[in-house]
Amino acid sequence: MQQDRRGLDEMQRAYRDKVGNQCFILLAYLLMLNAGLYGFGVRWIEYPASVMAILMLSLWIYLLRIIAGNAYFPPASQRTKIRSVLTVVIAIAASIILVTVLANTGILPQAQGYSLGWDSAIFLLIMSAVALVISLAALGAKALANRQTGEEE
């Protein structure tokens, strides 16, 4: 089997393509559903945040499916797969905990009814920042471990 520059074989690339196409179609359907519901007056989150939430949901589904399908890393890197899944789970949990704590302490305003209102931007910013910090910490820990063992990237 031929491998690309990242070390993925043909089956892994085909699986990534298949999952990517499915997630793109899912994204399109969810955005159309959101627009239709918005037209009928159903607002689960105000406009820009709802599109961002749908986009992030589709991206997370894509990422988790290709990691679970062994199509994210080259064939011989099972430990890296486990670390990545663990990093994703920690990022999601930390984001939820942080937003809950901030909302309960009064720093982050509570939502009125079903609409997050203007604070939805703060919510998305906090979730993105926490995920970025956790990803950078995992990358730093990996680089430190590689430096200590003398391995190359």
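Structural remarks
- Residue in the stretch 84-116 that is modelled with the highest pLDDT, counting only those that are surrounded by 14 or more Cβ atoms within 10 Å (Cβ to Cβ), more than 12 Å from the chain's Cα centre (by Cα) and over 29 Å from Ile25 (Cβ atoms): Ala94
- Qualifying residue in the stretch 36-52 (condition: part of a helix (DSSP H, G or I) and within 24 Å of Thr87 (Cβ to Cβ)): yes
- Within the stretch 10-35, considering residues that are farther than 25 Å from Ala49 by Cβ and aliphatic (A, V, I, L, M), the one most open to solvent (accessible area, probe 1.4 Å): Met11
The values are calculated or read from the model by the stated rules, or taken from the named source; none is laboratory data. Predicted model, so just to flag it, every value in this text is computed and none were measured. Counting neighbours? That spans all protein chains shown, and the Cβs are built from the backbone with ideal geometry, glycine included. Surface accessibility is based on the protein's heavy atoms, side chains included, excluding ligands, DNA and RNA. Shrake-Rupley method; radii C 1.70, N 1.55, O 1.52, S 1.80 Å.
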